[in-house]
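Below is one structure, written out as structure tokens, with a few remarks after it.
The values are calculated or read from the model by the stated rules, or taken from the named source; none is laboratory data. Treat the numbers as computed from the prediction; the structure is a model and nothing was measured. As a convention, Cβ positions derive from the backbone with ideal geometry for all residues, glycine included, and neighbour counts pool all protein chains shown. Surface areas here come from the heavy atoms of the whole protein model, side chains and all, with no ligands, DNA or RNA. Shrake-Rupley method; radii C 1.70, N 1.55, O 1.52, S 1.80 Å.
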Amino acid sequence: MSLAMKQQQNEEINLTPLSIAKPEAKLYLSFMYVAFISLFIGGLMGLLQVLVRSGDFELPLGIGYYQILTLHGVILALVLTTFFIIGFQYSLLGKTVGMSDKQRKLGWLSFWTMTIGTALTGTAILLGEANVLYTFYAPLKAHPIFYIGLALVVVGTWIAALVNWHQVYVWKKAHPNQKTPLLAFMVTINMIMWVICSLGVAVTVLVQFIPWSLGYTETINVLLSRTLFWYFGHPLVYFWLLPAYMAWYAIIPKIIGGKIFSDSLARLSFILFLFFSIPVGFHHQLTEPGIDPTWKFIQVVLTFMVIVPSLMTAFSMFAMFETTGRKQGATGLFDWFKKLPWKDVRFVAPFAGMVAFIPGGAGGIINASHQLNTLVHNTIWVTGHFHLTIATTVLLTFFGIAYWLIPHLTGRKLTPKIHKLGIYQTIIWAVGMLIMSGAMHIQGLLGGPRRSSFSEYGGTEQAAEWVGYQTAQAVGGTLLFIGIVLMIYIFMELLAFAPKGEEEFPIAEEEEDAQPTPSWMENWKLWIGITIALILFAYTIPMIDIIQNAPPGSPPFDNIL
Ligand code: HAS
């Protein structure tokens, strides 16, 4: 069916979600294959790391600790997330605004560009030519293929962004006076943020790293490269978070039998993310010399602004849970809690992710506080923080999405057995992460460094204090690996073995008496204008300073690890 016909049908049935045709499903599923293969490889590397750090295990065959650490970070933080997100977002748009044949073909182009890039980067790491970790901080130097591969992954996502915006544009033209469906609005924002921020990493990779790694330039401006990386690196974490929020705002209400709490509030929180995600990168560089403290202070203030939309989200979630519970007959202060569908894994997994975000977010606020940051920076506390946020909050939500998205796309049923297995999976994950991330937080407070293999540090007393926590991390990490194996099994069941049938693509509706969403919320020129103004304000002067007063650049440190 052509896109115009689908949209016509959409209008006739009063904006009920569109159906997903087989060729579209194939595209969305391809992204999921790469995401879940990455989960397995990255998880295995994680297991090896925690075992090495326990002090009781050595890597065989001359494999280096920093080689597997790089693979772990790149394949989980960059590949798994990006593939899942792009595939999920395509499916959201396919469902809410439609996808034409031409758009689908370009969707494949984005997929293959990203996949070829991943293969190149992965090969460089596997050959031991890129032990530079996922942040590839200069002056550590990798083989040029590592950077070229990463650049291709980014180019692939830009193609996806263009396709996404085109999908929304075509829909808008066909529905001139209607508001963009909430999920399509959210995808549009996420991709605007992503394209603006990934320009930073593109510039440093193309202008600094590739020529330097090819030997065309002798030195690199280290501070500039790190600043451009973090200009990208912090919004990157919201690029991971916002798809989880899409599910929390617009999908979870349907799963629990409720309605969207407030369409306007959800849109406003996404607009605030667009404004405040980017001009905050210095909070990763608070201990770095060469950046004027005034600008660090300004970016810390802006960091506290980006906490606001998450607090709005927390408020909305509580409000949505309570309103739904009360409509189902709950009375008293907390009865609504019992009304939540505790046997439905599509709800339980993301809910566990929400709970993890309470300490995860609090940890972020600690990190962002300049004085406290001096205590935790470069300690394994930070690793604990991001395992709670990305590896629990976001990932459990992604698992929650997979439970309905995969069978919806493969035409299979989410059976009671899989619900049950999924709930065990969630529990194993939550317990494993509680142990591993909890031990990381405490060890960090005791001064344990991050990004480091096992060492007794010459037999110092302080390092001896850390060993017990490292053993706990190995216990937690082993549980997490069991959780990964279980999740891969569930994924394969949903892909090919579960009984044939239909699974719902749950998209929630607004309350009947909801106030209309103001039309100015779609004033894209204004939102992008404010975003650019904030970026220019936060970065122009310090950037000029970093370039003009740069110390001598650094020659490459080649595979010293
Ligand atoms: Fe972070 C470092 C600050 C959020 C990821 N962060 C990292 C790194 C990663 C990362 C990967 O300021 C390491 C990078 C590296 O390799 O060096 N982070 C923050 C702040 C937030 C934050 C202020 N981070 C995230 C998210 C991530 C993530 C989200 C991934 C997805 N982070 C930092 C800073 C550093 C940092 C510094 C640098 C540290 C250093 O020195 O190197 C905020 O966005 C957090 C706001 C969140 C909240 C929580 C709201 C709670 C909600 C849940 C509601 C629960 C419900 C359930 C409804 C305020 C929405 C209720 C049920 C019940 C039963 C109660």
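May I ask for the distance between the Cα centers of segment 171-209 and segment 102-165, given as a whole number of Å? Cα centroid of segment 171-209 versus Cα centroid of segment 102-165: 18 Å apart. Scoring 145-156, 298-309 by mean Cβ neighbours within 10 Å over their residues and listing the highest first yields 145-156, 298-309. The value of relative contact order for segment 341-507, using C-alpha pairs under 8 Å at least six residues apart, is 33 percent. The calculated FRET efficiency for residue 21 paired with residue 199, based on their beta-carbon distance and R0 = 45 Å, is about 0.85. For segment 434-561, the fraction of C-alpha pairs farther apart than 22 angstrom is 74 percent.
Long hydrophobic helices in the chain, taken as whole DSSP H segments with a C-alpha length of 15 Å or more on their own axis and mean Kyte-Doolittle hydropathy at least 1.0: 22-53, 144-174, 182-203, 263-276, 345-368, 395-410, 461-492, 524-548. Close amide H partners of residue 510, meaning residues 5 or more places away or on another chain with modelled amide H under 5 Å apart, are 260. Computed from the C-alpha gyration tensor, the three semi-axes of the ellipsoid equivalent to segment 341-507 are 37, 17, 11 Å, from longest to shortest. Using the average count of surrounding beta-carbon atoms within 10 Å as a protection proxy, the listed peptides 367-378, 443-454 rank, highest first, as 443-454, 367-378. Stretched out straight at 0.36 nm per residue, the stretch from residue 59 to residue 464 would grow longer than its current Cα-Cα span by 143.6 nm.
Straight-line cross-link partners of residue 105 among the lysines, defined as a Cα under 22 Å from its Cα and at least 8 positions apart when in the same chain: 6, 22, 26, 95, 172, 173. About the centre of its Cα atoms, the chain shows a dipole size close to 1140 debye [charges on the beta carbon of Lys, Arg (+1) and Asp, Glu (-1) only; nearest 20 debye]. Every Cα-Cα pair of segment 144-218 was included, and the share exceeding 17 Å stands at 54 percent. The fraction of all Cα pairs in the chain landing in successive 10 Å bins from 0 to the largest distance is 3, 17, 29, 29, 16, 5, 1, 0, given as whole percents. Of the accessible area of segment 119-239, computed with a 1.4 Å probe over protein heavy atoms only, carbon and sulfur atoms account for 72 percent.
Relative to a virtual label point 7 Å from the Cα of residue 101 in the Cα→beta-carbon direction, which members of segment 20-41 show backbone nitrogen distances below 15 Å? 21-24, by backbone N distance to the label point.
Of the residues 422, 393, 445, the one whose Cα sits farthest toward the positive end of the charge dipole of segment 384-464, with +1 on the Cβ of Lys and Arg and -1 on the Cβ of Asp and Glu, is 422.
Label separation (residue 127 vs residue 169): 3.9 nm, computed from points 7 Å beyond Cα along the C-beta direction. Here residue 530 and residue 342 are evaluated by their C-beta separation; at R0 = 56 Å the FRET efficiency comes out at 0.85. Its Kirkwood hydrodynamic radius, worked out from the mean inverse distance over all distinct Cα pairs, puts segment 396-481 at 15.2 Å. Built from the Cα atoms of segment 345-409, the convex hull projects on average onto 4.6 nm², one quarter of its surface area.
A straight Cα-to-Cα reach below 27 Å connects residue 338 with the lysines 254, 259, 327, 413, 417, 420, residues fewer than 8 places away in its own chain not being considered. Ordering 460, 256, 316 by Cα displacement along the dipole of the chain toward the positive end leaves 256 in first place; charges were set at the Cβ atoms of Lys, Arg (+1) and Asp, Glu (-1).
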